[in-house]
Every structure is written in structure tokens, then in C-alpha cells.
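Remarks on the structure that follows.
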Amino acid sequence: MKGLNSLIRLQRWKVDGKRREIGELEQQRAATLAQINRYERELDRERRNANDQTLAQYFGAYEKATRERLNGFAAVVDTLDGTLAKRRGELSALYRELKRYEIVSERRALAARVRREKAEQARLDEIGGQMYGQRLREATRKQASDSPIR
């Protein structure tokens with residue numbers, strides 16, 4: 001049982017570590033999506049300002065560079081999505097293994113409790129049998145002593 005508890009503790013540690021890793025990846029994904037959103041808003045703002053002739057001549061190059069940046073961010077998001085899917089699969093496998101260990105532990109604890117209860121019941125049955133035998137002997141003695149025939 002001691003080894004099993006150590007396995008459960010280790011598996012919980014692994015599950016927690018994987019959850020932390022997934023949380024960090026999700027934060028990275030959210031930060032990248034926020035950058036994409038910011039660049040898209042900035043691009044829209046600059047597009048509106050490009051009506052001015054002076055700024056219009058530079059807008060094409062700016063838009064191209066911004067689109068390339070956005071494509072890079074989109075690639076990062078795709079990579080993070082793939083990594084997240086993989087890590088979630090790993091977490092699922094770790095969690096299933098943890099549950100297996102916990103179920104084995106619960107079954108062992110239940111079996112031990114049943115054994116203790118059976119042993120206790122056997123002990124109580126023995127005591128009850130002894131008390132019944134003692135009362136029966138006392139009743140037989142009393143009946144024999146009360147009998148008119150000696």
C-alpha cells in the first residue's frame with residue numbers, strides 16, 4: 001500500500017505539472033491572439049488614415065509588412081494549437097493512469113476493511129457462542145439443583 005501511495009503522489013505531481021504546462025501554453029496563445037488583434041486594429045486605423053496623399057504612398061509597404069507579421073503570428077497560434085492538443089492528450093493519459101491507481105488503492109482499502117469487519121464479527125460470534133454456552137450450562141445446573149430427584 002505504501003508503494004501505491006507513492007505512485008499516486010507521483011502521478012498527481014505529473015498531472016499537475018502537465019496542467020501547468022498547458023496553462024502556460026494557453027497564456028502564450030492568448031497573448032499571441034491579443035497581438036494579432038492589436039495589429040489588425042492598427043492596420044485598420046492606418047488604412048483609414050491612408051486617405052491622406054502623403055501617407056497613402058507608404059501604406060502599401062506598411063500593409064505588406066503588417067500582413068507578414070500577422071501571418072507569422074497565425075503560424076505561432078497554429079503551432080501552439082498543435083502543441084496544446086498533444087499536451088491535452090498527454091494529460092488525459094496521465095489522468096487515466098492516476099485514476100487507475102486511485103481505484104486500486106480504494107479497492108485495497110475496501111478489502112482490508114471487509115477483512116477487519118469479518119475478523120471482528122468472528123470474534124463477536126465467538127464471544128456470543130461462549131456466553132450462550134455458559135448460560136446454557138448455568139441453566140442446566142440450576143435445573144438439576146432444583147430437581148426433586150437426587
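Picking from LEU94, LEU110, LEU80, which is most flexible by a Gaussian network model of the chain using Cα springs under 10 Å?
Largest GNM mean-square fluctuation: LEU110.
With no solvent and one equal point scatterer per Cα, compute the Debye intensity ratio I(q)/I(0) for the chain at 0.10, 0.16, 0.18, 0.21 Å⁻¹ and report its log10, rounded to two decimals.
-0.70, -0.97, -1.06, -1.18
Counting Lys +1, Arg +1, Asp -1, Glu -1, what net charge surrounds ARG19 among other residues with beta carbon under 13 Å of its beta carbon?
Spelling it out: positives minus negatives among the neighbours equals +1.
Around GLN130, under 15 Å between beta carbons, what's the net of Lys plus Arg minus Asp minus Glu among the other residues?
Its environment carries a net charge of 0.
Relative to the longest principal Cα axis of the chain, at what angle does helix 2-49 sit, 0 to 90 degrees, rounded to 10?
20
With Cβ to Cβ distances under 15 Å as the rule, what net charge do the other residues near ARG41 carry (K, R +1; D, E -1)?
Charge balance near ARG41 sits at +1.
Relative contact order for the chain: what is it in percent, counting Cα pairs under 8 Å that are at least 6 residues apart?
39
Where is the GNM fluctuation largest for the chain (alpha-carbon springs, 10 angstrom cutoff): LYS18, LYS99, LYS118?
In the Gaussian network model the winner is LYS118.
Going by alpha carbons, how many degrees (0 to 90, nearest 10) lie between the helix axis of 53-146 and the longest principal axis of the chain?
Its long axis makes an angle of about 0 degrees.
Which value at 222 nm does the chain reach when only helices count, each DSSP H run of 4 or more adding -39,500 (n - 2.57), with the total divided by all residues and rounded to the nearest 500 deg cm²/dmol?
For the chain, the value works out to -36000 deg cm²/dmol.
Given a 10 angstrom Cα cut-off, can you work out which residue in ALA139, ALA112, ALA31 is the most mobile in a GNM of the chain?
Comparing ALA139, ALA112, ALA31 in a Gaussian network model of the chain, the most mobile one is ALA139.
Every number in this text was worked out from the coordinates using simple rules, so none of it is lab data. Just so you know, these numbers come straight off a predicted model, no measurement behind them. Positions of Cβ are generated from backbone atoms using ideal geometry, with glycine treated the same way; all protein chains shown enter the neighbour counts.
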